[in-house]
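The values are calculated or read from the model by the stated rules, or taken from the named source; none is laboratory data. This structure is a prediction, so every number in the text was calculated from the model and none was measured. No Cβ is skipped: glycine too gets one built from the backbone with ideal geometry, and neighbour counts run over all protein chains shown. Each accessible area value is taken on the protein alone, full model and side chains, heavy atoms only, with ligands, DNA and RNA left out. Shrake-Rupley method; radii C 1.70, N 1.55, O 1.52, S 1.80 Å.
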Amino acid sequence: MPPIEKDTGKTELKSQIQQLIDSNQVMVFSKSYCPYCVKVKDLFKELNVEYNVVELDLIEDGTNYQEMLLEMTGQKSVPNVFINKSHVGGCDKTMQAHEDGSLKQLLSGDAEAYEYDLIVIGGGSGGLACSKEAAMLGKKVMVLDYVVPTPKGTTWGKMLPLPELNKAPATHEKYLTPYRCGRSGLGGTCVNVGCIPKKLMHQTAVLGTSMQDARKFGWEFSETVKHNWDTMKTAVNNYIGSLNWGYRVALRDKDVNYVNAYAEFIEPHKVKATNKRGKETFHTAAKFILATGERPRYLGIPGDKEYCITSDDLFSLPHSPGKTLVIGASYVALECGGFLAGLGLDVTVMVRSILLRGFDQEMANRAGEHMEEHGVKFLRKYVPVKVEELEAGTPGRLKVTAKSTESEEIFEGEYNTVLIAVGRDACTDKVGLDAIGVKVNPKNGKIPVNDEEQTNVPHVYAIGDILEGKWELTPVAIQAGKLLARRLYKGATLKCDYVNVPTTVFTPMEYGCCGLSEEKATELYGEENLEVYHSLFWPLEFTVPGRDNNRCYGKIICNKLDNIFTTMDVTKSSGGDIQQAGC
Ligand code: FAD
Ligand code: NDP
């Protein structure tokens, strides 16, 4: 029957190709007229290495060969090079392997000279995605992940004391398993001290508002509504524990060797790994991926490290922070300030210049106004000078002195907690990058890479928050990590697209955007070429409780030639009325 014949033919072709790969030290599938193939063949000649070549344009079923090679390697283009049974890739990959020394190693048949094909430094969003993908593609992979405690001593992935665990109801068993087996804190910033706890605490605040709305929808309840920090913190951290455990299991299932140790390069292909007991081990790999992320920056003023906390401490703070001063005015500051106020705490945000630098300022100010209307105080155009302890405690009392950025005025205030959220520093200074010559931007510690996430040292790659000029977002780190592994080990060519990445700021009134801010669009295209469609909205769920009428706002910034939208038909330039009266 035809399909069987077809299948039999395919199987035969596959085994023919496999035989060629297995029986030749160097096997090149080529086309006689292709300049890239010539380049690769010239390289082997230059290296005095014997190679076998099949010119696909000169044999009868060359097209079928090419289709089968695509199936076997994920690569359709030629040249398609194999050395000692390992798939190297095309011209670029072969040249790159020549540059980074791995070609020589493959040719010597000494691929085992390195312990691993790949060592990933950092087990956060990017590192985990990349290591799992590489392992699924058959590579021997190690992940080294280690959390350096904050100045306040906070770390994550700690074991809970056993008596606490034994008090827990049996229904919580699935959350508790990781603690009993020893938590590792695997998952990086997003899981432990970023997106996950932030979003859950934001949700806690949203529930507070929903409870107020609920009465208007007919719910009757008489208990005094108050929030218990400890219950929330424990529940959130238990969930994080289950995620840490899930990541650990996923790595084990995919045969990735995860070691909870701090990594530092000591030679181009060798790292030293130091675990929490100070035990050192040494590991080698053909390739490395840096995915070490960032940690919160301090102010460098008296009292900051002694008395203040950062987002790395907040989510596992053992007590409610009480009256809080948040210093900074970007994502982390406004999100944390927003949910703390939503829990009913007295919150002030100290702003040095503007809200949400880099974002559309009209939108940023609307998010700020909404926060102000819902109880957050803003102390604008001030920077802190010192923080002193008035009284120790949980929480204690702190005195903050700040100075105006516009005058000689001095501000003094008392708070229970000061949360510093003034940006994050790339963890690139203590990884031994200078020892192996990886270039780092000395101004911000970020790593410049080419469009394939490759550093200036060819066998060292970098992904995630440490990249220069790229988004610091979890899905971006994940996507870059997956695509990099596929390019390195599957012959894929797709690169990570860092343009037009959508993002959301979880201020109490959530703000999502994609593309250019109005300021940036004006700068790039000129005001005369832009049209901005905008409208205020009243979400249906806000109508019955009768709150925030005409406070939601959306706009679309586009070229004048673009089309008109259904509900956004008032342009800014027309000055038309954007109040919403009904549907
Ligand atoms: P990370 O996730 O930071 O992982 C790096 C890991 O490497 C860490 O575990 C670190 O301890 C470890 N490490 C560092 N040096 C070494 C070393 N030498 N040896 C071994 N291990 C090392 N992004 C979103 O998309 N949405 C959000 O809602 C969001 N909310 C956020 C909220 C907050 C409060 C913060 C701080 C960040 C938030 N982010 C959010 C950003 C997101 O968390 C990061 O973009 C993402 O975690 C970056 O991933 P990464 O792999 O680059 O690094
Ligand atoms: P940013 O670097 O974005 O912002 C730093 C803020 O601190 C700015 O408001 C800055 O003010 C202020 N600042 C800096 N230095 C001082 C100082 N000495 N005194 C007073 N204020 C100061 O940092 P974030 O930590 O907020 O965010 C880091 C990254 O994490 C973001 O870029 C984002 O990608 C990611 N993230 C994503 C989230 C999400 O997706 N929802 C949530 C949280 C973080 P100025 O404008 O004057 O410079």
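Label positions at residue 503 and residue 451, each projected 7 Å from the Cα along the C-beta direction, are separated by 2.2 nm. The C-alpha atoms of the chain define a longest principal axis, and helix 91-100 lies at about 80 degrees to it.
Rounded if a/c is under 1.5, else prolate if a/b beats b/c, else oblate: with a ≥ b ≥ c from the C-alpha gyration tensor eigenvalues square-rooted, which is the stretch 286-415?
rounded
Exposed loop sites are taken as GluC sites (Glu not before Pro) in a DSSP loop (any state but H, G, I, E or B) with at most 13 other beta carbon atoms within 10 Å; the longest stretch of the chain without one runs 224-405. Take the Cα of residue 242, go 7 Å toward its beta carbon, and the backbone nitrogen atoms of the stretch 196-215 under 18 Å from that spot belong to 196-204. Taking all protein chains as they are arranged and a probe of 1.4 Å, the heavy atoms of residue 381 leave approximately 70 Å² accessible to solvent.
Share of carbon and sulfur in the accessible area of the chain stands at 51%, probe radius 1.4 Å. Rounded to whole numbers, the Karplus 3J(HN,Hα) couplings from phi for the stretch 237-244 are 6, 5, 5, 4, x, 5, 5, 3 Hz, using 6.51 cos²θ - 1.76 cosθ + 1.60 with θ = phi - 60°, and x at Gly and Pro. Amide hydrogen proximity for residue 120: with H placed 1.01 Å from N in the peptide plane, the residues at 5 or more positions away or on another chain lying under 5 Å are 142, 143, 144, 289.
Within the same chain, aspartates and glutamates fewer than 8 places from residue 495 are excluded, and of the rest, those with a Cα less than 14 Å from its Cα are 451, 452, 453. Classify the chain: rounded, prolate or oblate, from the alpha-carbon gyration tensor (a ≥ b ≥ c, eigenvalue square roots; a/c under 1.5 rounded; otherwise prolate if a/b is larger than b/c)? Prolate, since a/c reaches 1.5 and a/b exceeds b/c.
In the chain, the longest principal axis of the Cα atoms and the axis of helix 474-489 are about 10 degrees apart. Past 26 Å, Cα to Cα, is the threshold; run 198/439; 199/287; 233/377 against it and keep the listed order. Pairs exceeding 26 Å: 198/439; 199/287. Summary of the geometry: the stretch 349-406 and the stretch 448-502, compared by the centres of their Cα atoms, lie 35 Å apart. Separation of the stretch 115-148 and the stretch 298-334, taken as the distance between their Cα centroids, equals 32 angstrom.
Between residue 425 and 295, 297, the built amide H atoms are under 5 Å apart, and every one of these is 5 or more places off in sequence or on another chain. The magnitude of the dipole of the chain, with charges of +1 and -1 set on the Cβ of Lys/Arg and Asp/Glu and taken from the Cα centre, is near 1500 debye. DSSP bridge analysis restricted to the chain gives an antiparallel fraction near 60%, rounded to the nearest 5. Rounded to the nearest Hz, the phi-derived 3J(HN,Hα) couplings of the stretch 459-469 under the Karplus curve 6.51 cos²θ - 1.76 cosθ + 1.60 (θ = phi - 60°) are 8, 10, 10, 9, 9, x, 4, 7, 6, 6, x, where x marks glycine and proline. Here's the list of lysines a cross-link from residue 14 could span, going by alpha-carbon distance under 27 Å and ignoring same-chain residues fewer than 8 apart: 6, 31, 39, 41, 76, 85, 93, 139, 140, 254, 490.
What separates the Cα centres of the stretch 55-112 and the stretch 203-241 is a distance of 58 Å. The residues packed around residue 437, meaning those with a beta-carbon under 13 Å from its beta-carbon, carry a net charge of -2 if Lys and Arg are +1 and Asp and Glu are -1.
Solvent-accessible surface of protein heavy atoms, probed at 1.4 angstrom with all chains present, puts 229, 219 in the order 219, 229, largest first.
Are there trypsin sites (Lys or Arg not before Pro) in the stretch 207-264 that DSSP puts in a loop and that have at most 13 other Cβ atoms within 10 Å, and which ones?
226
Computed over protein heavy atoms with a 1.4 Å probe, the accessible surface of the chain works out to 51 Å² per residue. For the stretch 359-372, putting each phi into the Karplus relation 6.51 cos²θ - 1.76 cosθ + 1.60 with θ = phi - 60° gives couplings of 8, 3, 5, 5, 5, 4, 5, 5, 4, x, 4, 4, 4, 4 Hz, in residue order, rounded to whole numbers and with x for Gly and Pro.
Rounded to the nearest 10 degrees, the inclination of helix 331-342 to the longest alpha-carbon principal axis of the chain is 40 degrees.
Near residue 360: Cβ cut-off under 12 Å, other residues only, Lys/Arg at +1 and Asp/Glu at -1. The net charge is +1. Heavy-atom accessible area for residue 351, with the other protein chains in place and a 1.4 Å probe, reaches approximately 0 Å².
Label separation (residue 55 vs residue 410): 8.6 nm, computed from points 7 Å beyond Cα along the C-beta direction. Other residues whose C-beta falls under 10 angstrom from the C-beta of residue 312 contribute a net charge of +2, scoring Lys and Arg +1 and Asp and Glu -1.
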